[in-house]
Amino acid sequence: MEQALKSLLSWWEVAGVDVPDIPKAPPRRRPAAVKAKPSKPPVANPTQAKPESPNAAPQLAKVKTLDDLSKIIAGFDAGEISDHARQSVFARGNPEADIMIIGEAPGRDEDIQGKPFVGKSGQLLDKIFASIGLTEEAFYITNVVNWRPPGNRNPSPEEIEICRPFLDKHMALIDPKIIVLVGGVSFSALTGRTGIMKNRGQWTTLTVNGRDVPTLPIYHPAFLLRQPVLKKDAWMDMLALRAKIDSL
Ligand code: URA
């Protein structure tokens with residue numbers, strides 16, 4: 001039962017909805033007849049020390065171009081997330097564009113093709129942007145994490161942190177005039193806040209290269225595929241984006 005609830009909530013979370021934490025089931029008690037023996041204190045084994053998280057930062061000092069960055073990411077060992085992926089997923093679109101779109105994590109199609117937002121939700125995202133006249137020439141798109149999380153689960157906070165130096169460098173190299181955050185994971189990772197439902201369509205700012213960049217959180221297209229009635233909100237957000245672009 002708890003498992004079924006977890007899967008349902010995890011789907012909603014992937015779709016960008018704020019979900020409550022599931023209360024943990026109380027630990028099962030050992031039957032009274034079986035008394036646990038007092039355990040021996042654990043013997044310290046230096047070879048079993050907790051491995052440190054992969055650290056991307058040192059390699060980034062030499063990165064000067066997008067090509068340098070994509071090569072470093074492609075060769076980086078990010079632990080479980082890169083072990084299970086076919087390849088890293090870097091970006092698509094126009095690096096000279098004013099608008100940088102940041103999604104959550106690659107899915108199955110992106111893992112196969114090596115490009116972000118090329119599956120069903122990517123096709124919807126392209127249509128949403130096309131509705132205000134923006135084709136791939138007008139934007140540059142990437143994700144918070146560069147590998148598909150195993151089983152399409154949400155990226156863990158640790159995986160987001162591992163990929164964060166790559167994303168910071170990516171944003172600095174693109175130097176966008178406007179940022180669009182797609183979905184709750186991207187919104188939380190970059191703003192440190194939660195609540196895509198109440199924050200979508202509300203402009204905020206992110207600092208890139210010392211400059212405040214207007215940033216718009218929007219619903220994830222995977223969520224809109226399940227909740228088409230909310231496309232009207234997505235349309236309002238696109239109108240706000242169009243107005244901001246026209247004011248640049
Ligand atoms: N969802 C995302 O957030 N990013 C992708 O690249 C694909 C689906």
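We did not get these values from a lab; they are worked out from the coordinates using the rules stated. Everything quoted here is computed from the prediction, not taken from an experiment. FYI the Cβ positions are ideal-geometry reconstructions off the backbone, even for glycines, and counts take in every protein chain you see.
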query = Around PRO106, with a cut-off of 14 angstrom between Cβ atoms, what is the net charge of the other residues, counting Lys and Arg +1 and Asp and Glu -1?
reply = +2
task = Add +1 for every Lys or Arg and -1 for every Asp or Glu among the other residues with Cβ under 15 Å from the Cβ of LEU206, and state the total.
result = +2
inquiry  = If amide hydrogens are placed 1.01 Å from N in the peptide plane, which non-local residues have theirs closer than 5 Å to the one on GLY103?
reply    = THR142, ASN143, VAL144, VAL182
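Rounded if a/c is under 1.5, else prolate if a/b is larger than b/c, else oblate: which is region 55-205, with a ≥ b ≥ c the root eigenvalues of its Cα gyration tensor?
It comes out rounded by the Cα gyration axes.
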note = Net charge (Lys, Arg +1; Asp, Glu -1) of residues whose beta-carbon lies under 14 Å from that of ILE178, ILE178 excluded, is -2
task = Using the Karplus curve 6.51 cos²θ - 1.76 cosθ + 1.60 with θ = phi - 60°, work out ³J(HN,Hα) for each residue of region 150-157 in order, rounded to whole Hz, and write x for Gly and Pro.
result = x, x, 6, 6, 5, x, 6, x
key: Debye, to nearest 20: dipole size of region 64-247, +1 on Lys, Arg Cβ, -1 on Asp, Glu Cβ   = 620 debye
note = In the structure shown, of LYS71/LYS198; LYS127/LYS198; LYS198/LYS244, the pairs separated by more than 26 angstrom at the C-alpha atoms are LYS71/LYS198
ask   = Percent antiparallel among DSSP beta bridges with both residues in region 64-247, to the nearest 5?
value = 35 percent
ask   = Tell me, what HN-Hα J-couplings in whole Hz come from the Karplus equation 6.51 cos²θ - 1.76 cosθ + 1.60 at θ = phi - 60° for each residue of region 132-140, using x for Gly and Pro?
value = 10, x, 9, 9, 4, 5, 9, 9, 10
Extreme residue, positive dipole direction of region 64-247, given options PHE139, VAL229, LEU241 (C-beta unit charges) = VAL229
key: Distance from region 58-127 to region 192-248 (C-alpha centre basis), Å   = 21 Å
message = Quick check for me: using +1 on Lys/Arg Cβ and -1 on Asp/Glu Cβ, what's the dipole size of region 145-239 about its Cα centre, in debye to the nearest 20?
response = 320 debye
task = Would you mind computing the Rg to Rh ratio of region 139-228 from its alpha-carbon coordinates, Kirkwood style for Rh?
result = 0.95
ask   = Around PHE117, which amide H atoms from residues at least 5 apart in sequence, or from another chain, sit under 5 Å from its own amide H, with H modelled in the peptide plane?
value = GLY107
query = Each residue of region 92-108 in turn: what ³J(HN,Hα) in whole Hz from Karplus with 6.51, -1.76, 1.60 and θ = phi - 60°, glycine and Pro shown as x?
reply = 8, x, 9, x, 8, 5, 7, 9, 10, 9, 10, x, 8, 7, x, x, 4
